[in-house]
1. Restricting attention to region 73-95, does a residue exist that is in a strand (DSSP E or B) and either of a type outside the set (A, V, I, L, M) or modelled with pLDDT under 95 (or both)?
2. Can you tell me which residues in region 57-72 are touching a His at 6+ places or on another chain (Cβ under 9 Å) and buried (at least 19 other Cβ atoms within 10 Å of the Cβ)?
3. Pick from region 1-51 the residues that are in a loop (DSSP other than H, G, I, E, B) and acidic (Asp, Glu): which of them is surrounded by the fewest Cβ atoms within 10 Å (Cβ to Cβ)?
4. Kindly provide the set of residues from region 52-65 that are touching a residue at least 40 places away in the same chain (Cβ under 8 Å), assigned to a loop (DSSP other than H, G, I, E, B) and not charged (D, E, K, R), ordered by number.
Amino acid sequence: MDIKKDDIIKCEVTGVTNYGVFVKIGNDYDGLIHISEISNKFVNNIEKLFLPGDIIDGKVLEIDDDKKQVKLSIKQINTKSKKKRIIEERGKGFEPLKENLEIWIKEKLDDLEKNTKTP
């Protein structure tokens, strides 16, 4: 298997500890995703996130070809969609605001005027 730094590869979880996730990459390499590379947020219990046998994606950070070991990251994978999300407009949008704004302002000014008059 040809693995290069920054590749995003499929891995099979083989073990989960309180400090990281051990994975198998193909038939040749083993890997570790340290808990600090799981998420940008606090990870309370890593063992609740992964189970042996799970197939996950990992980004290659370092490769030791002699030992057939790879350091990986999940949090460094850019999972944001490159597609622009189109928001479909429904209804009248801001039209009711435009139609009623002057009326609401007049009503509020009238209320204020009534409340500020001294008896």
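1. At the first step, the residues of region 73-95 found to be in a strand (DSSP E or B) are 73.
Next, only the ones that are either of a type outside the set (A, V, I, L, M) or modelled with pLDDT under 95 (or both) stay: 73.
Yes: one or more hits.
2. If the condition is that a residue be touching a His at 6+ places or on another chain (Cβ under 9 Å) and buried (at least 19 other Cβ atoms within 10 Å of the Cβ), then Leu72 is the only one that fits.
3. Taking region 1-51 and keeping what is in a loop (DSSP other than H, G, I, E, B), we get 1-7, 18-19, 26-28, 38-45, 49-51.
Cutting the leftovers down to acidic (Asp, Glu) gives us 2, 6-7, 28.
On the way: Asp2: 5, Asp6: 8, Asp7: 13, Asp28: 11.
Checking each candidate, the answer is Asp2.
4. Of all residues in region 52-65, those touching a residue at least 40 places away in the same chain (Cβ under 8 Å) come to 53-63.
Remaining after also requiring assigned to a loop (DSSP other than H, G, I, E, B): 53-54.
Within region 52-65, just Gly53 meets the criteria.
The values are calculated or read from the model by the stated rules, or taken from the named source; none is laboratory data. What you see is a predicted model; the values in this text were computed from it and never measured. Here the Cβ is made from the backbone with ideal geometry for all residues, glycine too, and neighbour counts use every protein chain on show.
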